[in-house]
There are 2 protein chains.
Amino acid sequence: MSKEAEIFVGKKPPMNYVLACLTAFHEGANEVVVKARGQSISKAVDVVEVIRRKFMPDAEIKNIDIGTEEIPLKDGQGSRRASSISIKLGKVKKVK
Amino acid sequence: MSKEAEIFVGKKPPMNYVLACLTAFHEGANEVVVKARGQSISKAVDVVEVIRRKFMPDAEIKNIDIGTEEIPLKDGQGSRRASSISIKLGKVKKVK
C-alpha cells in the first residue's frame, strides 16, 4: 500500500504546512508531496527542511521537480506564467 | 571534459542570472549549478525555468538538492538557519 497526500503551500505561516504534513504522515500516508508556486516556493523548501530537521529526521526526499504553470488571469483574458515546485517526502521504512 | 560553473542567485533582477548562466554555457561549461538561499530560492527556480523555456529548450535538469545552511550573524554571536537550493543544469549532447 502506498498512500500519498498532497499539501499546497500558500500564504499561511510555514508551521501550518509543517503540521499539515505531519498530520498526513500520522494518518497513514507513506508519501507527502509538498507543492508551491511563485514566491511560495521558498516557503515550501523551508517547510520540508523544518520537517526533516526537527520532526522526522528519518524522512527522505524522494524527488524534487520544478516546472512552469499557466495561471488564468482573473479577468478571463490570457494567463500569466509562474514557476512551481513539487517535493516528494517519504517515510523511511525501519529495517527490523 | 566536464566543465562546471556555479551561479549564486541573490538580490539582482532574474535576467542578470539568466544571462550569467547562458554566458557560462557559451564559454564552454557543460553543467551550470544555480544556487540560492532563503527568499531567493523562488528566483532561482524562475531563472532555471526561463533558461529552459526561452533560451535553451534542450537544457536538462540533472539534479535538484535542498538543504539548510548555518549563516553566521553579523555581530559574530551565534548564527541563523536558512534553507538553500542547488539546481544542476546540463547541456544535452546532440546525437549525431
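Coordinate-derived values only; no laboratory data. All values reported here derive from a predicted model rather than from experimental measurement. A quick note on method: Cβ atoms are made from the backbone with ideal geometry, for glycine too, and the neighbour counts reach across all protein chains shown.
For A:VAL47, the requirement of being under 22 Å from B:GLU70 (Cβ atoms) and either under 10 Å from the mean Cα position of the chain (by Cα) or in a loop (DSSP other than H, G, I, E, B) (or both) is met. Among all residues of segment A:31-40, there is none that is away from every other protein chain (no Cβ under 14 Å) and either closer than 22 Å to B:GLU69 by Cβ or assigned to a loop (DSSP other than H, G, I, E, B) (or both).
A:GLY90 fulfils the conditions (1) surrounded by fewer than 20 Cβ atoms within 10 Å (Cβ to Cβ); (2) in contact with a Gly (Cβ under 6 Å, 6 or more places away or on another chain) except for a single criterion, (2). Tallying residues that are away from every other protein chain (no Cβ under 14 Å) and either under 12 Å from A:ALA29 (Cα atoms) or among the β-branched types (Val, Ile, Thr) (or both) within segment A:75-94 yields 3.
Do we have any residue at all in segment B:14-29 that's surrounded by 19 or more Cβ atoms within 10 Å (Cβ to Cβ), without any contact (Cβ under 8 Å) to a residue 24 or more places away in the chain and more than 11 Å from the chain's Cα centre (by Cα)? Scanning segment B:14-29 turns up at least one residue that is surrounded by 19 or more Cβ atoms within 10 Å (Cβ to Cβ), without any contact (Cβ under 8 Å) to a residue 24 or more places away in the chain and more than 11 Å from the chain's Cα centre (by Cα).
Looking across segment B:64-81, just one residue is over 19 Å from A:ILE87 (Cα atoms), of a type in the set (Gly, Ala, Ser) and not in a loop (DSSP other than H, G, I, E, B), and that is B:SER79.
Cβ-Cβ contacts under 7 Å between residues 6 or more apart (or on different chains), taken from a first residue in segment B:44-59 that is over 11 Å from B:PRO14 (Cα atoms) and more than 7 Å from every other protein chain (Cβ to nearest Cβ) to a second residue that is among the basic types (Lys, Arg) and not in a helix (DSSP H, G or I), are listed as B:ALA59/B:LYS91.
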